[in-house]
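Trainee: My questions will all concern the structure given below.
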Amino acid sequence: MAAETNGKKKDVLSEGISLYKRGDFLASISFFLGLPDDSGADTIELAYYIGLCYAKLQRYEDALLYLEQVVTAGQNIDRVLQCRFLLAIIYTSTGRKKLADFELQKLLEAKYRPASVYSALAYNAWMQDEAEKSINFYKKALEIDPENATALNGLGYVLACENRDLTTALAYCKKALKKAPDSAACLDSVGWVYLKLGLMEDANKFLTLAREIMPESEEIKEHIRLAQVS
């Protein structure tokens, strides 16, 4: 009987889940929010998908409300870990670095330690002007996954910013770019290292490509300005 009840609850959400999987997040969230109170939908399952939809739409404050419900309920450990990681990313993106650190440390305590968690810790440390800590976290991420583009790019960028081992920094960034050739962040990092090396023609080439992909980025604009005045 319990299995039958759970099946009915999933059936109630199936249309919205299908819309989510197809990438139609607005339609998906409209479906979920339009369900009547007596629909029989599992409230935590509903919170999970609404939180994911809001995160995809970059409506972060709304996403937090629902993702935190999933974490607090603690019913599905895989989803709890996934939502904690999303919370950390959202907190970092919105400048709440201490809260991001809290969620990431909780993941480590739960022995959830993929390269992505260490990369997030590294980025968060860098945002708090803790360069050495950031470098160590990126290195830890690469110990777990030597091919992780985020960690490769992040470590190369931080080394360049610190004017440390620029040849190695360039190798890291180029390897990341090879894995993500359309990434504005990777293109910018390669250009930034070339700038640090004093190779302005190469720097301008990659920074210009980065700007074409992400023209609104103030960081890329500043790198281009520095390349042009050097």
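The values are calculated or read from the model by the stated rules, or taken from the named source; none is laboratory data. Please read all numbers here as calculations on a predicted model, not as lab measurements. No Cβ is skipped: glycine too gets one built from the backbone with ideal geometry, and neighbour counts run over all protein chains shown. Note: accessible area is taken over every heavy atom of the protein model, side chains too, but ligands, DNA and RNA are not part of it. Shrake-Rupley method; radii C 1.70, N 1.55, O 1.52, S 1.80 Å.
Trainee: What angle, in degrees between 0 and 90 and rounded to the nearest 10, separates the Cα long axis of helix 77-93 from the longest principal axis of the Cα atoms of the chain?
Mentor: Its long axis makes an angle of about 50 degrees.
Trainee: Also, quick follow-up: Considering only protein heavy atoms and a 1.4 Å probe, what is the carbon-and-sulfur percentage of the accessible area of the chain?
Mentor: Of all accessible area on the chain, carbon and sulfur atoms account for 51 percent.
Trainee: Let me ask something else. Within the stretch 103-121, which residues have the backbone N less than 19 Å from the label spot 7 Å out from Ala180 along Cα→beta-carbon, could you tell me?
Mentor: Counting backbone N atoms under 19 Å from the label point, the list is 114-121.
Trainee: Enumerate the whole-percent occupancy of each 5 Å bin, from 0 to the last occupied one, for all C-alpha pair distances of the stretch 18-69.
Mentor: Computed distribution, short to long bins: 5, 23, 32, 26, 13, 2.
Trainee: Something else now. Charges only on Cβ, +1 for Lys and Arg, -1 for Asp and Glu: so what's the dipole of the chain about the Cα centre, in debye to the nearest 20?
Mentor: The calculation lands at about 520 debye.
Trainee: Right, something else. For the chain, with a Gaussian network of springs between Cα atoms less than 10 Å apart, report the residue from Pro36, Pro215, Pro114 with the top mean-square fluctuation.
Mentor: Pro36
Trainee: Right, here's the next one. I'm checking a number: the convex hull volume of the Cα atoms of the stretch 129-230, normalised per residue, in Å³. What is it?
Mentor: In the stretch 129-230, the Cα hull volume divided by residue count equals 88 Å³.
Trainee: Please tell me the relative contact order of the stretch 104-181 in percent, rounded to the nearest whole number, where contacts are Cα pairs under 8 Å and at least six residues apart.
Mentor: 24
Trainee: If r is the Cβ-Cβ distance from Glu216 to Asp129 and R0 is 25 Å, what FRET efficiency results, to the nearest 0.05?
Mentor: 0.55
Trainee: Could you compute the FRET efficiency for Arg225 and Glu68, with r as their C-beta to C-beta distance and R0 at 35 Å, rounded to 0.05?
Mentor: That gives a FRET efficiency of 0.30.
Trainee: Where does each of 156-164, 81-89 land if you order them by average Cβ count within 10 Å, highest first?
Mentor: 81-89, 156-164
Trainee: Just the number please: accessible area per residue for the chain, 1.4 Å probe, all protein chains included, in Å².
Mentor: Accessible area per residue, the chain: 53 Å².
Trainee: Once both labels are modelled 7 Å past Cα along the beta-carbon direction, what's the Ala110-Ile44 spacing in nm?
Mentor: 1.1
Trainee: Same structure, new question: Just to confirm the number: angle between the C-alpha axis of helix 200-213 and the first principal axis of the chain, 0 to 90 degrees, nearest 10?
Mentor: The helix 200-213 is inclined about 20 degrees to the chain.
Trainee: Hey, another quick one. Only one of the listed values, [x] 20.9, 73; [y] 18.5, 65; [z] 16.9, 52, was derived from the coordinates as Rg and Dmax of the Cα atoms in Å; which label is it?
Mentor: Matching the structure shown: [x].
Trainee: Report the calculated FRET efficiency for Ile77 and Asn163 (r = Cβ-Cβ distance, R0 = 30 Å), to the nearest 0.05.
Mentor: Between Ile77 and Asn163 the formula returns 0.10.
Trainee: Cα centroids of the stretch 130-177 and the stretch 47-74: how far apart, whole angstrom?
Mentor: 31
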